[in-house]
Amino acid sequence: MPKEMLAETTSPPELASTSESEQMYLITVARAAEAGNEGPVAISKIADALDVSVPSANEMVRKLDNRGLLVYEPYHGVLLTDLGRRIADQVLRTRRLWATFLAEHLGFSPTDADEQACDLEHSTTPEAADRLAVFLGNPAAGPLGMRIPDATEHAEPVADLRLADLSVGAEAEVTSLAASGRILDFLTTEGIAVGARVTVTASGTSGVLVVTDTGDMHLDGAVAATVAVQTIGGRNAPA
């Protein structure tokens with residue numbers, strides 16, 4: 001029998017449901033590309049950069065691949081997906097803005113400023129980063145000369161669609177979750193997380209039935225409305 005979850009009060013979503021450790025993997029791949037690495041980045045290179053074992057790096061890479069943040073090519077390495085790059089760019093933007101502030105206003109050397117900013121990059125909201133950018137005069141590069149990604153880069157070109165809006169047979173990728181607490185835990189545990197792919201197999205007044213990597217799940221209409229998606233494939237028209 002499919003699992004079912006009733007509606008519950010929700011709150012606005014965070015920019016990305018990624019941990020600090022996951023973000024470090026994403027920006028490591030992004031920085032390798034900035035440094036001139038062409039094509040997939042070897043897992044051994046990622047492991048060296050993060051000072052972790054290759055088996056540990058391999059495990060995290062596969063996790064991020066399953067979430068749609070990286071693409072893992074066996075025996076070659078990994079590449080960022082569009083979603084993974086958006087997250088990496090946001091983290092790098094925040095880091096380099098803080099590094100600029102620390103260097104220009106607190107007198108840190110460029111290298112020390114970048115190291116200090118590493119502790120701030122994961123805990124700063126996009127809104128705070130935007131205000132910091134304005135305060136600094138919207139700099140184009142950090143104190144080490146690396147580009148500061150613009151806040152508008154990689155913006156989603158598609159208007160919001162909700163899982164509750166899709167027709168039977170539609171395939172979609174989850175782009176954000178507006179749920180919190182018990183519902184958010186339930187959704188992510190059952191395979192509905194940012195980057196996950198789902199297929200709608202039934203839809204009606206009682207909600208929607210979807211297939212995820214973990215199996216069938218029935219969602220109340222109000223809960224399905226908290227799941228923002230981008231349709232993929234051919235059968236993707238809203239209901």
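Each value in this text was obtained by applying a stated rule to the coordinates, not by laboratory testing. All values derive from a computational prediction rather than experimental measurement. Backbone-built Cβ (ideal geometry, glycine too); neighbour counts: all protein chains shown.
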When the charge dipole of the chain is computed with +1 on Lys and Arg Cβ and -1 on Asp and Glu Cβ about the Cα centre, the Cα farthest towards its positive end, among Thr125, Val29, Ser53, belongs to Val29
Relative contact order [Cα under 8 Å, 6+ residues apart], the chain, whole percent
23
In the chain, whole DSSP H helices that both stretch 24 Å or further along their axis by alpha carbon positions and average at least -0.5 on the Kyte-Doolittle scale are 82-105
Chymotrypsin sites (Phe, Trp or Tyr not before Pro) within the stretch 48-139: DSSP coil, no more than 14 neighbouring Cβ in 10 Å
Tyr75
For the stretch 84-136, with +1 on Lys and Arg beta carbons and -1 on Asp and Glu, the positive-most of Gly84, Ser109, Val134 along the dipole:
Gly84
For the chain, using Cα atoms only, the Rg and Dmax in Å read 19.6, 62
Order of Val198, Val227 from fewest to most other C-beta atoms within 10 Å?
Val198, Val227
